[in-house]
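One structure is given below, encoded as structure tokens.
The values are calculated or read from the model by the stated rules, or taken from the named source; none is laboratory data. Quantities reported herein were computed from a predicted structural model and do not represent experimental measurements. Because the Cβ atoms are built from the backbone with ideal geometry, glycine has one as well, and the counts that use them run over all protein chains shown. Heads up: the accessible areas ignore ligands, DNA and RNA and are worked out on the full protein's heavy atoms, side chains in. Shrake-Rupley method; radii C 1.70, N 1.55, O 1.52, S 1.80 Å.
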Amino acid sequence: MQIRKKITVTYVTLSCISMLLLCIVVLFLFKRNNEYYFVKRLVDRAKIVASIHYQNDPQKAHYYRLLRERGLPELIEEKDYVLRVNGPTSFEYNTQLHLPPDFYASVMKDGSAWVEEEDSHYYYAQIFDEGNVKYMVIVTARDRRGNTTTLYITRIMIVCGFAFFILAFIFGRFLARSVMNPVANITAEVQRISASNLHNRLPAPAADPQDEISDLAKTFNDMLDRLETSFEIQANFINNASHELKTPVTTIIAETEIALLKEREPEEYEGVLNNIQKQATRLANLTESLLKLTQTGYDGTKQVQDNVRMDELLLDVKCELDKLYPENRITINLNDIPDDANQLTLPCNRPLLELAISNIITNGVKYSDNEEVFVSLSANSQNIKITITDIGIGIPPEDIPYLYEPFFRGKKASRYNGYGLGLPLAMKIIRMHKGELIIQSEPGKGTVVNIVFNTNIH
């Protein structure tokens, strides 16, 4: 069932239930009000009957009869009975009365009572004292007018109930339409948006800008912003990756085609093979970097495997870099590390984290032309901080916003070998470990990279 129909059905159902409950309450109160005033009239008559019975003076008795006949409204099938009370539980019985024993018991106990019998007949009884003798006065009448009025009101409520049902259905449709139309408009707009027109955005609803529909439109627009950015990054990534992969492949094909055109001397074949090996190595390194960059997109919680001391990890990275760059001038400062080994321990994927830190230190070595690179480690109960400082070429301010885009290389950095994947890969690995990468740089003076891991969350 459509939500619009659900809203209509729900509105009509709740409205009809509320109307039905209201009608029941009104009928109940109306009936109780009729009973109250009708019994009150029986009480007045019972008092007059008692007064007539009590008077020994015929003139006064005649006066009370006239008051009863002319001063009080006429009651249908009105009758009265006076029964002498003989004791606490006994009284004279009238065979014309067919009342339940409980009614008499209640009158004898409480002094008065009333009961409704079939066909809207009401009986009221009260004990009166006449000298030293007690009498039970019983007055009965039929409340035909009250019954007719109740029936009339019931019919009115039934007719009004059908009319109310129709109005509730109309208002429910209107309510559902007014509520769901903005959502339907948003759905129609979203259906028109595809990968080819991700720049389109949903118009802001004309209603209250703070309501849930406006929040929904804003959420869709924010999602479209992220999707558009992701598509652009993906497109740039594919274009750049294709370009970077195409260059060594084209070189290898060209070298082999030239070598196969004619027979050559062994030295020429050796030169061709060396060139092919160089391009194949470049292709392998680029492919491996792309694979590792893709792997960091997996769930970070599944990547965490080891509890590693960061001072040991830095020393291992230094040993590996000494093999790759024997003439490097990397200095590791561990003077500020705490004595508590737990403050230096970080749950992590050790190979990936080594790769990230190695990439950053390697950049410092590369872009400082093998000048000194200082690596310092500090830790406390809140976080672990690694600071990498070089005195290289620095990074221009206009390049900093694009540092984490794959294949991006600044004008100064383009003079050095690389693919523009090391820093984006390092950033993704560090974020995967709930860390933060902060870069501060000044062209011509060097770069300071701070890696901060919050150990409170582990």
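List the pairs whose first member sits in segment 160-173 and is over 13 Å from Met19 (Cα atoms), whose second member is aliphatic (A, V, I, L, M) and surrounded by 14 or more Cβ atoms within 10 Å (Cβ to Cβ), and whose Cβ atoms are under 6 Å apart, counting only residues at least 6 apart or on separate chains?
Cβ pairs passing all conditions: Phe169/Val12; Gly172/Val12.
Checking the condition within 29 Å of Asn456 (Cβ to Cβ), open to solvent by 30 Å² or more (accessible area, probe 1.4 Å) and among the hydrophobic types (A, V, I, L, M, F, W, C), which residue from Leu353, Leu334 passes?
Just a single option satisfies the conditions, and that option is Leu334.
Only one residue in Glu69, Glu77 is surrounded by fewer than 13 Cβ atoms within 10 Å (Cβ to Cβ), modelled with pLDDT under 85 and not in a helix (DSSP H, G or I), so which one is that?
Of the residues listed, the single one that is surrounded by fewer than 13 Cβ atoms within 10 Å (Cβ to Cβ), modelled with pLDDT under 85 and not in a helix (DSSP H, G or I) is Glu77.
For residues that are within 60 Å of the chain's Cα centre (by Cα) and loosely packed, with under 15 Cβ neighbours inside 10 Å, scanning just segment 80-131, find the one that is nearest to Ser51 (Cα to Cα).
The selected residue is Glu116.
Of everything in segment 388-415 that's modelled with pLDDT of 90 or more and open to solvent by less than 30 Å² (accessible area, probe 1.4 Å), which residue is nearest to Gly444 (Cα to Cα)?
Asp390
For segment 162-182, name all the residues that are of a type outside the set (A, V, I, L, M) and either open to solvent by 90 Å² or more (accessible area, probe 1.4 Å) or modelled with pLDDT of 90 or more (or both).
Across segment 162-182, the qualifying residues are Phe162, Phe164, Phe165, Phe169, Phe171, Arg173, Phe174, Arg177.
So which residues in segment 132-141 are surrounded by 15 or more Cβ atoms within 10 Å (Cβ to Cβ) and either assigned to a helix (DSSP H, G or I) or among the hydrophobic types (A, V, I, L, M, F, W, C) (or both), if there are any at all?
Within segment 132-141, Met136, Val137, Ile138, Val139, Ala141 meet the criteria.
Determine the pairs where a residue that is touching a residue at least 60 places away in the same chain (Cβ under 8 Å), located within segment 311-339, has a partner that is open to solvent by less than 40 Å² (accessible area, probe 1.4 Å) with Cβ atoms under 8 Å apart, the partner being 6 or more residues away or on another chain.
Asp311/Leu344; Asp311/Leu377; Leu314/Ile357; Leu314/Val375; Leu314/Leu377; Leu314/Ile386
Looking at (1) at pLDDT below 85; (2) surrounded by 14 or more Cβ atoms within 10 Å (Cβ to Cβ); (3) closer than 21 Å to Met432 by Cβ, can you tell me which one Leu377 breaks?
Only one criterion in (1) at pLDDT below 85; (2) surrounded by 14 or more Cβ atoms within 10 Å (Cβ to Cβ); (3) closer than 21 Å to Met432 by Cβ is unmet by Leu377, namely (1).
Of the residues that make up segment 383-397, is at least one farther than 17 Å from Thr287 by Cα and part of a helix (DSSP H, G or I)?
The answer is yes; a qualifying residue exists.
With the condition kept exactly as written, say whether any residue in segment 13-29 is out of contact with any helix residue (DSSP H, G or I) (no Cβ under 7 Å at 6 or more places or on another chain), part of a helix (DSSP H, G or I) and over 30 Å from Ile170 (Cβ atoms).
no
Just need a number here: residues in segment 340-382 that are in contact (Cβ under 8 Å) with a residue 12 or more places away in the chain, assigned to a helix (DSSP H, G or I) and of a type in the set (S, T, N, Q).
Counting residues in segment 340-382 that are in contact (Cβ under 8 Å) with a residue 12 or more places away in the chain, assigned to a helix (DSSP H, G or I) and of a type in the set (S, T, N, Q) gives 5.
Against the condition over 29 Å from Leu27 (Cβ atoms) and modelled with pLDDT under 85, how does Val137 come out, does it pass?
Judged against the criteria, Val137 is not a match.
Does Thr148 satisfy being open to solvent by 40 Å² or more (accessible area, probe 1.4 Å), out of contact with any Ser or Thr (no Cβ under 9 Å at 6 or more places or on another chain) and of a type in the set (Ser, Thr, Tyr)?
Yes, satisfied.
Only residues that are at pLDDT 75 or above and open to solvent by 70 Å² or more (accessible area, probe 1.4 Å): list them for segment 183-208, please.
Asn185, Gln191, Arg192, Pro203
Do we have any residue at all in segment 291-308 that's under 49 Å from the mean Cα position of the chain (by Cα) and modelled with pLDDT of 80 or more?
Yes, segment 291-308 contains at least one residue that is under 49 Å from the mean Cα position of the chain (by Cα) and modelled with pLDDT of 80 or more.
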